[in-house]
Protein chains: 2
Amino acid sequence: MKSLLLAAATVAGLATALPAAAQWQKPEDAIKYRQSALTVMANHFGRIGAMAQGKAPFDAKAAAENAVIVSDMAKLPWAAFGPGTDKGMPNRAKAEIWSDAAKFKAASEKMIAEVAKLDAAAKSGNLDAIKAAAGGVGGSCKACHDDFRAEKYSAN
Amino acid sequence: MKSLLLAAATVAGLATALPAAAQWQKPEDAIKYRQSALTVMANHFGRIGAMAQGKAPFDAKAAAENAVIVSDMAKLPWAAFGPGTDKGMPNRAKAEIWSDAAKFKAASEKMIAEVAKLDAAAKSGNLDAIKAAAGGVGGSCKACHDDFRAEKYSAN
């Protein structure tokens, strides 16, 4: 079993000796991880957004399933914005993430709270509630991007 | 609300008119999405793997939380391996994904089944059960990568 785990860790490009308090060995690992979580979140929020905007047929079950994924993903990126993860691979993190860390933390918590409302609305199956909650989530995305996401990717 | 949603969709780089049956407008969107889901999954499986291997202290609550994320992510990548998504951005998908689609589907279903066992084991909080289940997941990762993942990224 151990050899399979080791083999899997190797092929997955994972560290085989992760310290408990540092889930990413290199800054680029943290950047790739947070970008990945946000990519998955944006995709599934987009599916709900399409329903909320009437661009896709409303499917209550699909909306609820997508909201669970959005909700799960919303909690993940923040731990990967540790000190020293501004560089390592191209990314759009502004320096303000670290220089105004309290505001960034508040923005992330606002988003998590809005996503929790969306998850509750989606579980209710009520399209009007979903529309209202999706607007809140969208606003929190935009506010954080306006303050903390650069227009262009960094060179490294 | 609609304007906020539209703004959020724009800043997130999302399509504002997603057809219900095509969640990705361009092949690169599908490639980026599936790579992202697999990146998040590998990271959280790695955290459980580190505990299973004794490289990190066993934390039953953390293992269970990580297993939920692994379980959620395990279901996502496959829909994004549609026809025509072999190119669009650098990726490691082998042609066999499409030429031997039945085998690829079976490999993905094997992984989902092994991940479900890991989730159940993690919920039980029993480290030996987690070790056994993690070995099964690791084996399913490796088997699929051996057959369907190229050594190097494609040029586009």
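The values are calculated or read from the model by the stated rules, or taken from the named source; none is laboratory data. Source: prediction; values computed, not measured. Note: ideal-geometry Cβ built from the backbone for every residue, glycine included; neighbour counts use all protein chains shown. Side chains are part of the model used for accessible areas, which takes the heavy atoms of the whole protein and leaves out ligands, DNA and RNA. Shrake-Rupley method; radii C 1.70, N 1.55, O 1.52, S 1.80 Å.
Using the Karplus curve 6.51 cos²θ - 1.76 cosθ + 1.60 with θ = phi - 60°, work out ³J(HN,Hα) for each residue of segment A:34-46 in order, rounded to whole Hz, and write x for Gly and Pro.
Karplus values, whole Hz, x for Gly and Pro: 5, 5, 5, 4, 5, 5, 5, 4, 4, 5, 6, 5, x.
Which parts of segment A:112-149 would a label at A:V68 reach, counting a residue when its backbone N lies under 16 Å from a point 7 Å out along Cα-to-Cβ?
A:116, A:118-125
Assume the label is 7 Å from Cα along Cα to beta carbon: what separations in nm does B:Q25 have to the matching positions in the other copies?
3.8
Rounded to the nearest 20 Debye, what is the dipole magnitude of chain A about its Cα centre when Lys and Arg each give +1 and Asp and Glu each give -1 at the C-beta?
Working: 20 positive and 15 negative charges, 30 e Å.
Dipole size: approximately 140 debye.
Shape of chain A from its Cα gyration tensor (a ≥ b ≥ c, root eigenvalues): rounded if a/c is under 1.5, otherwise prolate when a/b > b/c, or oblate? Display every interim value, and only then the final one.
On the way: a/c = 2.34, a/b = 1.42, b/c = 1.65.
Verdict is oblate for chain A.
Report the full-extension gain for the segment B:S154 to B:E96: residue separation times 0.36 nm, less the Cα-Cα distance, to one decimal in nm.
On the way: separation 58, 0.36 × 58 = 20.88 nm, distance 1.44 nm.
Difference between extended and current length: 19.4 nm.
Mind checking the dipole of the protein assembly as shown: about its Cα centre, +1 per Lys or Arg Cβ, -1 per Asp or Glu Cβ, Debye to the nearest 20?
On the way: 40 positive and 30 negative charges, 33 e Å.
Value, rounded to 20: 160 debye.
At 1.4 Å probe radius, can you tell me the per residue accessible area of chain A in Å²? Each step should come with its number before you reach the end.
Numbers: 7300 Å² over 156 residues.
Result: 47 Å² per residue.
With the label 7 angstrom out along Cα to Cβ, how close does A:P57 come to the same site in each of the other copies, in nm, nearest first?
Here the equivalent label points are 5.3 nm apart from this one.
State the answer as a single residue: which of B:S71, B:A132, B:A42 lies farthest towards the positive end of the charge dipole of chain B, with beta carbon charges of +1 for Lys and Arg and -1 for Asp and Glu, about the Cα centre.
Of the options given, the answer is B:A42.
Inside 10 Å of the C-beta atoms of B:68-80, what's the mean count of C-beta atoms belonging to other chains?
On the way: counts 2, 5, 0, 1, 7, 6, 0, 2, 4, 1, 0, 0, 1.
Across the residues of B:68-80, the mean count of other-chain Cβ atoms within 10 Å is 2.
Quote the total accessible area buried by chains B and A together, excluding ligands, DNA and RNA, probe 1.4 Å, nearest 100 Å². Could the numbers behind the result be given before it?
Numbers: alone 9290 and 9330 Å², together 14580 Å².
Summed over both sides, the interface buries about 4000 Å².
Which residue fluctuates most in the GNM of chain A (Cα springs below 10 Å): A:A63, A:A101, A:A93?
Looking only at A:A63, A:A101, A:A93, the biggest GNM fluctuation is shown by A:A101.
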